[in-house]
Amino acid sequence: MTIVEFYMEVSGLLQLYRSGMDHDEALRELRSLNAEAANAGIEAQVSEDILRNVHIFDDENSYEEDAYDEDGHSHDEEDSSSYDED
């Protein structure tokens, strides 16, 4: 296993976890990946906190797509460039 393969595996695991994989299963898989990386001489390890942080990140960065137009502007924002000059 190379470091690139390790991080690709971790990325795949996080995608599965985000789409509904059981927390305990994801934790076992992460521990297995960390052990496999260590056995391959890779010093990088991914903290188990990442599983908790994935959902925090998703919650903080979620939004309703229809609330924004194709330019990323909220439909609720007032257009500051259009105003009446009296």
If I ask for residues that are of a type in the set (A, V, I, L, M), in a helix (DSSP H, G or I) and surrounded by fewer than 16 Cβ atoms within 10 Å (Cβ to Cβ), which ones from the range 29-47 would you list? Ala35, Ala38
Please go through (1) surrounded by 13 or more Cβ atoms within 10 Å (Cβ to Cβ); (2) under 21 Å from Met1 (Cα atoms); (3) without any contact (Cβ under 8 Å) to a residue 24 or more places away in the chain for Met21 and return the number of the only condition it doesn't satisfy. (2)
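Quick note: the coordinates plus some simple rules give every number you see, no bench work behind them. Keep in mind the model is a prediction, meaning the values are calculated, not measured. Neighbour counts run over all protein chains shown; Cβ positions are idealised from the backbone, glycine included.
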